[in-house]
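> Provided herewith is a single structure, encoded as structure tokens, for subsequent inquiry.
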Amino acid sequence: MIDLPVTDSRPLLTNPLTLYLARLAPSSQLTMRYVLQDAADRLGFEDQDIEEIPWHNLQPEDVIALVATLRSDGYAPNTSSLYVNAVRGVMNEAWRMSLISQDHLLKMRSVKGMAGTRLSQGRNLRRTLIQELMAVCAADPRPQGLRDAAIIGILYGSGMRKSESVNLELNQVDFTERSLRVTAKGNKQLIKYAPAWAFAKLEAWLELRRSMLKDGESDDPFLFNRIRRGSHITRERITKHAIYYIARQRGAQVGVKIMPHDFRRSFITRVIEEHDLSIAQKLAHHSNIQTTANYDVRDDNERRRAVDRFDL
């Protein structure tokens, strides 16, 4: 256990961790709070609330020890970097609050996560599989059938993230241009496009939802609703966890394990296959083209066929 003296008793409003989390989107706050809680436990603060920990007293050797622990526990390099970046974010706030010197901050920034990469665990959902998913949704007579087809169509057809689809508002959709204005990571407003068939699935779902409204009731401002047992369409927005459940449930119906992010991976992979990497980067809205390249999840057989074409 690292013995760090508690030298600061400032209220939570001036706690560097609280300020760091406040800068993040709500979905990212949950992730980074979990990461920082786990980091605190590994640093010996398992009995303390993370808001009460004197983060500004951490030293570079503490973060180096944290990285070593993650490595010994088999964590992937990207996960290690996530932990380091979370601690670094808190230390940046500590510097802004004059709790640490610039020299201390630079030393903390010099610590890196473990080097290396891991093969992608993502799956490439081929066109035939998407057709199968549409078929099982069409065979479902419940409202879930139309809703899930619309969700899958928008996720796969536009390449958006599940958090973006959950937060979509009806007034952000242009049915004429087949475009969707989303607020993406980093609080960036982006325009995404989806094919006609995906918008047809969305319109079918919205038409059903409106037909279930009582006289005088206005339509919901968001796109996708929670549906309770008994096929009751609630007036509540769907959650990210529900998107995860839909992907797993519909995937199980066609005999494939599917994660929500597989739709985005498959969208980017298909654009790379049918167009090129630069167009895929623009449609994925990646600032770094290497990030786009990492989404290419074509299987080994395709790579082997590419090499086999090099005949003498």
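> Looking only at helices (runs of 4 or more DSSP H) that fall completely inside region 139-251, which ones have 2 or more residues that are in contact with a strand residue (DSSP E or B) (Cβ under 6 Å, 6 or more places away or on another chain)?
Values: elements: 143-158, 162-166, 196-211.
Here the list reads 143-158.
> Touching a helix residue (DSSP H, G or I) at 6+ places or on another chain (Cβ under 9 Å) and within 23 Å of H261 (Cβ to Cβ), is that true of R147?
yes
> So, one more: Go over the candidates P221, P195 one by one and state the one that is surrounded by fewer than 18 Cβ atoms within 10 Å (Cβ to Cβ) and either under 19 Å from I268 (Cβ atoms) or in contact with a Ser or Thr (Cβ under 7 Å, 6 or more places away or on another chain) (or both).
P195
> Surrounded by 17 or more Cβ atoms within 10 Å (Cβ to Cβ), over 22 Å from L21 (Cα atoms) and among the β-branched types (V, I, T): which single residue out of I130, I100, I64 fits that description?
After ruling out the rest, the residue left standing is I130.
> Give me a count of the residues in region 224-253 that are over 26 Å from Q131 (Cβ atoms), among the basic types (K, R) and surrounded by fewer than 16 Cβ atoms within 10 Å (Cβ to Cβ).
Within region 224-253, residues that are over 26 Å from Q131 (Cβ atoms), among the basic types (K, R) and surrounded by fewer than 16 Cβ atoms within 10 Å (Cβ to Cβ) number 4.
> Okay, moving on. Which of the residues belonging to region 58-72 are touching a helix residue (DSSP H, G or I) at 6+ places or on another chain (Cβ under 9 Å) and either free of Cβ contacts under 8 Å to residues at least 60 places away in the same chain or of a type in the set (S, T, Y) (or both)?
L58, Q59, P60, V63, L66, V67, T69, L70, R71
> Also, I was wondering about something else. Given the options H286, H275, H261, name the one that is farther than 16 Å from S165 by Cα and surrounded by 14 or more Cβ atoms within 10 Å (Cβ to Cβ).
Only one candidate passes the filter, namely H286.
Every read-out reported here was derived from the displayed coordinates using simple, explicitly stated rules and does not represent laboratory data. Source: prediction; values computed, not measured. Positions of Cβ are backbone-derived with ideal geometry, glycine not excepted, and every protein chain shown enters the neighbour counts.
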